[in-house]
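Before any comments, here is the structure.
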Amino acid sequence: MVDSYLPRLRIVLPRKGESLEPQTLFDKPVRDVWLEVGFGAGEHLVSQAEAHRDVGFIGCEPFINGVAAVLSKVKARQLDNVRILDDDARPLLAALVDASVGRVFVLFSDPWPKARHNERRFISASTVDAVARILKDRGHLCFASDHMGYVRWALERVTADRRFSWTARQPADWRCRPEDWFPTRYEAKARARGAACAYLKFEREGRIGGRAPERKSLVRSGAEVI
């Protein structure tokens with residue numbers, strides 16, 4: 001499956017210094033492009049692609065078992081709106097043109113729980129900056145984790161960037177998975193062992209005259225609860 005099918009869906013990154021318009025990756029026109037970083041076995045990616053066949057989906061995953069699982073699902077469901085980067089997502093973020101992606105999902109990625117490894121977490125000042133650049137105005141960065149240390153880390157770093165605003169208005173907004181997100185096996189495993197999960201959605205402010213609203217009290221109270 002990997003040898004025969006992956007070449008049809010694999011994203012080839014442009015040379016250094018060149019940019020990539022994601023709409024051109026798909027055979028048919030798509031109304032938007034959504035990106036998932038670290039899709040695991042692909043439950044969320046494939047379910048979204050099946051539910052939104054007019055949206056182009058890019059999935060990034062360096063581990064071959066996850067890639068093979070997604071390829072099998074994509075072929076079985078005859079999805080033509082999925083493309084895969086079987087590598088780290090950061091070079092792709094650097095290559096994508098500005099304001100070209102509607103949503104970015106980072107769901108249950110490795111929390112790197114040991115303090116000496118925290119800097120390996122995907123969410124960092126540099127990746128938040130890259131995501132802000134590629135997201136369209138009012139696009140969303142969607143994050144989920146069952147590791148509360150990583151949740152607080154992500155909340156602090158994303159809200160530190162004035163181009164993002166946290167959409168939560170009440171505790172249920174981060175304690176319950178949004179209806180338009182699909183469950184993953186990592187979420188199921190977390191809930192099976194009794195772990196709480198948090199779901200954070202951030203909106204990219206508009207580029208022209210856009211200003212992030214004041215939400216300091218919400219972020220502070222949310223961090224305490226989380």
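What the table below lists for this structure:
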quantity: Members of the range 63-97 that are assigned to a loop (DSSP other than H, G, I, E, B) and either in contact with a strand residue (DSSP E or B) (Cβ under 9 Å, 6 or more places away or on another chain) or surrounded by 21 or more Cβ atoms within 10 Å (Cβ to Cβ) (or both); calculated: L79, N81, D86, D87, D88, A89, V97
quantity: Residues located in the range 98-124, provided they are at pLDDT 95 or above, over 16 Å from L25 (Cα atoms) and outside any loop (DSSP other than H, G, I, E, B); calculated: R103, V104, F105, V106, L107
quantity: Criterion violated by R31 - all others in (1) within 15 Å of the chain's Cα centre (by Cα); (2) without any contact (Cβ under 8 Å) to a residue 40 or more places away in the chain satisfied; calculated: (1)
quantity: Cross-chain or 6+ apart pairs with Cβ under 6 Å, the range 46-75 first and touching a residue at least 40 places away in the same chain (Cβ under 8 Å), then in a loop (DSSP other than H, G, I, E, B) and charged (D, E, K, R); calculated: V67/E61; V67/D86
quantity: Lone unmet requirement of (1) surrounded by 15 or more Cβ atoms within 10 Å (Cβ to Cβ); (2) in contact with a Pro (Cβ under 7 Å, 6 or more places away or on another chain); (3) in a loop (DSSP other than H, G, I, E, B) for G56; calculated: (3)
quantity: Selected residue (criterion: farthest from Q170 (Cα to Cα)) from residues of the range 183-196 that are under 16 Å from the mean Cα position of the chain (by Cα) and not in a helix (DSSP H, G or I); calculated: T184
quantity: Count - residues of the range 143-162 that are surrounded by fewer than 21 Cβ atoms within 10 Å (Cβ to Cβ) and either closer than 26 Å to V97 by Cβ or of a type in the set (A, V, I, L, M) (or both); calculated: 5
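The values are calculated or read from the model by the stated rules, or taken from the named source; none is laboratory data. Just so it is clear, the model here is predicted, and its values are computed rather than measured. All Cβ positions, glycine included, derive from the backbone under ideal geometry; neighbour counts span all protein chains shown.
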